[in-house]
1. Out of Thr285, Thr254, report the one residue that is assigned to a helix (DSSP H, G or I), open to solvent by 20 Å² or more (accessible area, probe 1.4 Å), touching a helix residue (DSSP H, G or I) at 6+ places or on another chain (Cβ under 9 Å) and hydroxyl-bearing (Ser, Thr, Tyr).
2. Restricting attention to region 129-141, does a residue exist that is more than 30 Å from Val281 (Cα to Cα), open to solvent by 50 Å² or more (accessible area, probe 1.4 Å) and out of contact with any Leu (no Cβ under 8 Å at 6 or more places or on another chain)?
3. Output the residues belonging to region 315-330 that are out of contact with any helix residue (DSSP H, G or I) (no Cβ under 8 Å at 6 or more places or on another chain) and either part of a loop (DSSP other than H, G, I, E, B) or open to solvent by less than 80 Å² (accessible area, probe 1.4 Å) (or both).
4. Just one of Arg58, Arg94 is surrounded by fewer than 19 Cβ atoms within 10 Å (Cβ to Cβ) and in contact with a Ser or Thr (Cβ under 8 Å, 6 or more places away or on another chain); which is it?
5. Output the number of the condition that Glu81 fails; it satisfies all remaining conditions of (1) open to solvent by 60 Å² or more (accessible area, probe 1.4 Å); (2) closer than 19 Å to Arg166 by Cβ; (3) of a type outside the set (Gly, Ala, Ser); (4) not in a loop (DSSP other than H, G, I, E, B).
6. Are there any strands (runs of 3 or more DSSP E) wholly within region 149-194 with 1 or more residues that are of a type in the set (Val, Ile, Thr), and if so which?
7. Kindly check whether there is at least one residue in region 186-196 that is polar (S, T, N, Q), open to solvent by 30 Å² or more (accessible area, probe 1.4 Å) and under 15 Å from Gly221 (Cα atoms).
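The values are calculated or read from the model by the stated rules, or taken from the named source; none is laboratory data. Source: prediction; values computed, not measured. Here the Cβ positions follow ideal geometry from the backbone for every residue, glycine too, while neighbour counts run over all protein chains shown. Just so you know, the surface numbers come from the protein's heavy atoms only, side chains and all, with ligands and any DNA or RNA stripped out. Shrake-Rupley method; radii C 1.70, N 1.55, O 1.52, S 1.80 Å.
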Amino acid sequence: MWPLVRSTLSPGGPRYAHNELCVSGIVLSPAGIADVSVTVDGSTYSATRGLASPELAREHPSVPGADEAGFELTLDTAGWERGARPVTLVVVDRDGGRAVQESELEVEPYGAPVSDAQALEGLGISLQCGRPGPDAEVSMPVRMAGRAYSRDGIERVIVVLDGRARFEALYGLHRPDVVRALGSEDAANSGFALTLDPLECRPGAHTMTLVAVQADGGAVGLERSFECRQVAADGAAQATKGRFVPGTAAGTETEAAHRARYLWARPLAAGRDVLDAGCGVGYGTAILASGGAASALGVDVSARAIDAARAEAGEAARFEVADIERLEAPDASFDLITCFEVIEYVEHPELALDELRRVLRPGGLLLISSPNRAVYPPGNRWHANEYTSAEIEAGLRGRFAEVGMYRQQALIASMIARDETSAVADEELELGIEVRKLVGTEPGGELYTLGAASDAPLPALGELALLAGAEQVIQAGAEAHAWRERALLAESELAAARAREGGL
């Protein structure tokens, strides 16, 4: 056990340094610490010891020096050459005991970005990151976007998280706003974007370093600090297995698709006992409760999702951990059941539908939705089963006397409005604007299928459109364009290489 060492050098894992390398941690031994040194690429440096370590003192109150066991070493690496180097931490106590931690250091020095005007003049690289901004508070997944421009061309944009994880952003995105700002068509494809891996970005404070590298190896960089919220982290893909979390896609078609279903169902909740089966983090249950439900219960198999729901949705609804294949509610407990975007996650959908039928009161109403396998993009790793609209309808007709089918489709709208209407961002406000369509979708061609089922005649269900921003679609198109350009370039390079090999 002794000497005890904890440091920022995780054994076996790479570490990234730019203009400064800081190695810190705690070292402790009952015999006392004689030396703490860090060796990088053959050069050895002594660390500063005796820094306060109150947490260690609480862990080992009987060991002398536990309250001052911290150490730190900071090296200026701005002048170092780019590349990989071994780094070794060696701790020696006064009895001769030794502890060693080894890691690999990847050095990527960078300079300061120049102004846009200087970049246009060919004097260096301009680099900007607009999302997240400095000292931002963000939800997961963390999406970043910005632009990097140089007349000499940008080879890649590197993103390093907390000196540990290294990612390469997608570079070459079309940015007409940059063209307008810089006044140069050369900057049209200077955008970059990256979505961080939720497993890498835990709740808490993080530092992100962006480095734009030219083809000749010259680089500039900047840092961003941000705080990752706890509830947002619970909503990350690994924590909730694909559940939608408000705030992670604000104003996009993804948010509109999820919230529209609950807004559509809300008028039917008034005075009824409501079950939101597969409620996720509870935003939809809260919408149903706001429609005047006599009671609103949200259930989900994820305890972490239910904790988030209780924290965020307030006291208007109740939340319980439950599996919709095996509900504990008595027969005929609810007047209205919503099961939106859940059935595709269920291992045994027939059991789930039987359970929902069992707990629904005579004359009650079930509203269910699912992505349409015939149209929805494949590859969602969390979906246990996917269904066509015909399969959803057949599952309902085998259990209910009355079934009505509805189609949910993502459309792009071009709206003409006065300033006050254009500025509105409120799902509760009916705009009262005229809506027309240029395209139609035959039944079975919709992105999401919704079914209403009951043993009684179906109530009147209205039609609803929730408008979202087009940024998500525009960004997807830009990314597709960038990847297409990369593919064409790779094909041309491969053809040229084959021609050279053939002596042509």
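1. Residue meeting the stated conditions: Thr254.
2. No, region 129-141 contains no residue that is more than 30 Å from Val281 (Cα to Cα), open to solvent by 50 Å² or more (accessible area, probe 1.4 Å) and out of contact with any Leu (no Cβ under 8 Å at 6 or more places or on another chain).
3. Correct list: Glu315, Ala322, Asp323, Glu328.
4. Arg94
5. Just one mismatch for Glu81, condition (4).
6. Qualifying strands (runs of 3 or more DSSP E): 154-161.
7. The answer is no; no qualifying residue exists.
One line per residue, one yes/no per condition, for (1) surrounded by 24 or more Cβ atoms within 10 Å (Cβ to Cβ); (2) free of Cβ contacts under 8 Å to residues at least 60 places away in the same chain; (3) farther than 18 Å from Gly398 by Cβ; (4) not aromatic (Phe, Trp, Tyr):
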{"residue": "Gly291", "(1), (2), (3), (4)": "no, yes, yes, yes"}
{"residue": "Ala296", "(1), (2), (3), (4)": "yes, yes, yes, yes"}
{"residue": "Ile306", "(1), (2), (3), (4)": "no, yes, yes, yes"}
{"residue": "Arg310", "(1), (2), (3), (4)": "no, yes, yes, yes"}
{"residue": "Ala332", "(1), (2), (3), (4)": "no, yes, yes, yes"}
{"residue": "Glu350", "(1), (2), (3), (4)": "no, yes, no, yes"}
